[in-house]
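Everything below concerns the one structure shown next.
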Amino acid sequence: MANIIEKILSRASSKKEVTPGEIIEANIDCAMINEMTGHLTIKYFHEVGAKKVWDREKIIMVPDHLIPAPSVEAAELHKIMREFAKEQKIKHFYDVGRGGIAHQIMVEKGHVKPGDVVVGADSHTCTYGAIGAFSTGIGSTEMTAVFITGRLWFKVPKVIEIKVEGNFRKFVTPKDLFLKVAKILGASGANYRGLEFKGPTVRDMSIDGRMTVCNMAIEVGAKAGIIEPDEKTLEYLRGRVRESFPIIKSDEDSEYEKSLEINANDLIPLVSCPDAVDNVKPVSDVEGIELDQVFIGSCTNGRIEDLRLAAEILKGNKVSDRTRLIIIPASQEVFLDALREGLIETFLLSGAIVANPTCGPCLGGHLGVIASGEVCLSTTNRNFIGRMGSTKSKVYLASPATAAASAIKGRITDPTSFKGD
Amino acid sequence: MRISGKVIKYGDDINTDYIIPAKYLVLTDPKELAKHAMESLDPSFTEKSKDAIIVAGKNFGCGSSREQAPISLKYAGIKAIVAKSFARIFYRNAINIGLPVLECEDLWDKVKDGDQLILDLKSGKIENLNNNTYAQAQPLPGFILELIEMGGLLNKLKRMIG
Ligand code: SF4
């Protein structure tokens, strides 16, 4: 019987059923570009002589990597986006001050619905699996084809199911769950495959937490991460999505390539050490490593739940003199919520700097690029050599709880055993 | 379609940040991008990349969806990439820009840097002229071969529109 990914792809390609390995052509419900990859799509669109996009309401444009523009080059990319949005009368263009990180915007503003097939010219497009959509990253040239035709071919993936039960201990988070998955599967362990997260723990997780685990599916090579929509999904989408959508779930007896079982009770804070996401160790194994910078933000962990967790630990504490703490909410909405809840005040009083929604330092772009010899602990999703700045710097990846505790101590610190000064 | 070239050999998990770091993504000229290809991993890359074939291990091109990764390799002169496996977005991007990519498990052990290879894209047969060994890559499916022969997806779109 069919799993959720097979069902979504058969619906999108108007087929009764599809099987793994089969190549299908699907109708695209929604397509996203940012400035880094989107400028090429726009250039190619004109180059091939196309006149009109297939559907001006289904294209979402979000400059997010470098906003507001820190350089002339970045400003030129934003200008290309702006002019194209105007020329094609693109309905949803989130300019500076109106958006944030594209992956957050896509879900938060209700552009993605359960059961949709969504593509984005960014690898972390897999994030939207959190609300039960099939979403995946593509390149700029393919996006040109989507802009023109609204269709794209896919190979139906084999799916790995990840069943999670038990409860997270205090200060253990969905990020730690995913790092555990990365340790088990390895950086290419899910290449060309789908990852379906399920089980009571996943049902207990908020949409924010679900977005974190689906966001990182690409880090083990997966085409998509996905979680069946449930009551929590519907509640989140109320007021965000206006159109109706079907509730697509995996059949009880669906087939999977393999199955992983994880008990959340056994999870501890984990950290992915330089220079590979699957180089995962317990935080306690690397405790004490001195940090020059801590970054809390990105499409992985820049949501309100992440900021609340960080604030809970930072409240009444000070960031170590040795360290600088940079906090970036993932979107204007997250920023506003954090402001209203008093989190921003907590951050500023602790000695952190809070910047405007953008990818920023995650990709070594701006607002916290690191120097040679420096060490950063970051809540982002990649720690390849040079990812956040100098090729002689080092990046550790961890949860917002680990990041906050570590910022106070100035060293990598296990949040579950952390005591404020 | 046959391709010949000298081998540049790499290991597993060559990610897109190594192929082209994010700080160069603001460059819009592919020739400028190509100057920085692989610079953090292999600073001498551009001296040897003209008409070369990359032979790599598992998961080549993992990481970002940036098409600038295969573009920078193509404009640096790379004729084809043969890896044990590819990350999927890189794989699709390479084909879409007309850069041939072949999956082959057993070539890696049989080549060293600088060996001269001949690849037949249709059959997937690979010959190493330096040690007279052969390897068999997975042949490319028809529609992918067709895209590569057309020089990539943009040419197909041009024909469709034109
Ligand atoms: S926050 Fe980082 S990983 Fe996410 S889209 Fe931006 S650059 Fe990519």
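Report the dimensions of chain B along its three principal axes from the alpha-carbon atoms, largest first, rounded to Å.
43, 39, 23
As a check on your grasp of the helix formula, calculate [θ] at 222 nm for chain A: sum -39500 (n - 2.57) over DSSP H runs of n ≥ 4, divide by the residue count, round to the nearest 500.
Result for chain A, helices only: -9000 deg cm²/dmol.
Mind checking the mean number of beta-carbon atoms from other chains within 10 Å of the Cβ atoms in B:13-25?
Partner Cβ neighbours, averaged per residue: 6.
Rounded, prolate or oblate: which fits region A:261-303, taking a ≥ b ≥ c as square roots of the Cα gyration tensor eigenvalues, rounded meaning a/c under 1.5, else prolate when a/b beats b/c?
oblate
For a quick check: with amide H placed at 1.01 Å from N, whose amide H comes under 5 Å from A:TYR396's, ignoring anything fewer than 5 positions away on the same chain?
HN-HN under 5 Å from A:TYR396: A:CYS376, A:LEU377, A:SER378.
Enumerate the residues in region A:39-64 having an amide nitrogen under 11 Å from the point lying 7 Å beyond the Cα of B:THR28 toward its Cβ.
A:39-40, A:42-44
Go through region A:71-84 residue by residue and turn each phi into a ³J(HN,Hα) via Karplus (6.51, -1.76, 1.60, θ = phi - 60°); whole Hz please, and just put x for glycine and proline.
8, 4, 4, 5, 4, 5, 5, 4, 5, 4, 4, 4, 5, 5
Can you say what percent of the DSSP beta bridges in region A:1-160, counting only those with both residues inside, are antiparallel? Round to 5.
Here the antiparallel bridges make up roughly 30 percent for region A:1-160.
On full extension of the chain, what length is gained from A:MET1 through A:TRP153, given 0.36 nm per residue of separation minus the C-alpha to C-alpha distance?
52.4 nm is the gain from fully extending A:MET1 to A:TRP153.
When the distances between all Cα atoms of region A:270-417 are binned every 10 Å from zero, what whole-number percent does each bin get?
Histogramming region A:270-417 at 10 Å steps yields 13, 48, 33, 5 percent.
Compute the length gained on full extension between A:ARG340 and A:GLU231: take 0.36 nm times their separation in residues and subtract their Cα-Cα distance, giving the result in nm to one decimal.
36.6 nm
For an R0 of 35 angstrom, estimate the FRET efficiency from the Cβ-Cβ distance between A:ILE289 and A:ASN263 and round to the nearest 0.05.
Calculated transfer efficiency: 0.80.
Taking K and R as +1 and D and E as -1, what net charge do the other residues with C-beta under 14 Å from the C-beta of A:ASN356 add up to?
-2
Over 23 Å, how big is the tail of the calculated P(r) for region A:4-262, in percent of all Cα pairs?
Roughly 50 percent, once rounded to a whole number.
How high is the FRET efficiency from B:SER123 to A:ILE23, r the C-beta distance, R0 22 Å, rounded to 0.05?
Given R0 = 22 Å and the Cβ-Cβ separation, E is 0.60.
For A:VAL159, enumerate residues with amide H under 5 Å from its amide H, sequence gap 5+ or separate chain, H modeled in the peptide plane.
A:GLY194, A:GLU257
Divide by every residue of chain B the summed helix terms, -39500 (n - 2.57) for each DSSP H run of at least 4, and state the resulting mean residue ellipticity at 222 nm, rounded to the nearest 500 deg cm²/dmol.
Calculated from helices alone, the mean residue ellipticity at 222 nm is -7000 deg cm²/dmol.
What average number of partner chain Cβ atoms lie no more than 10 Å from the Cβ of the residues making up B:153-162?
5
Taking the mean number of other Cβ atoms within 10 Å as a proxy for protection, how do you rank A:166-174, A:139-147 from highest to lowest?
Result, highest mean Cβ count within 10 Å first: A:139-147, A:166-174.
Residues with amide H under 5 Å of B:GLY5's amide H, sequence separation 5 or more or different chain, H placed in the peptide plane at 1.01 Å from N; which?
Those qualifying (amide H under 5 Å, at least 5 residues apart or on another chain) are B:LEU117.
So what's the convex hull volume per residue for the Cα atoms of the protein assembly as shown, in Å³?
Value for the protein assembly as shown: 137 Å³ per residue.
Assign unit charges at the C-beta atoms only (+1 for Lys and Arg, -1 for Asp and Glu), then state the dipole size of chain A relative to its Cα centre in Debye, rounded to the nearest 20.
The dipole magnitude comes to about 580 debye.
When Lys and Arg each count +1 and Asp and Glu each count -1, what net charge do the other residues less than 14 Å away from A:GLY150, Cβ to Cβ, add up to?
-2
According to a simple spin-label model (label point 7 Å from Cα along Cα-to-Cβ), what is the distance in nm between B:GLU105 and B:ASN131?
1.9 nm
Counting Lys +1, Arg +1, Asp -1, Glu -1, what net charge surrounds A:GLY297 among other residues with beta carbon under 11 Å of its beta carbon?
With Lys, Arg at +1 and Asp, Glu at -1, the net is 0.
We did not get these values from a lab; they are worked out from the coordinates using the rules stated. Fair warning: this is a prediction, and the values are worked out from it, not measured in the lab. Every residue, glycine among them, receives a Cβ derived from its backbone with ideal geometry; neighbour counts consider all protein chains shown.
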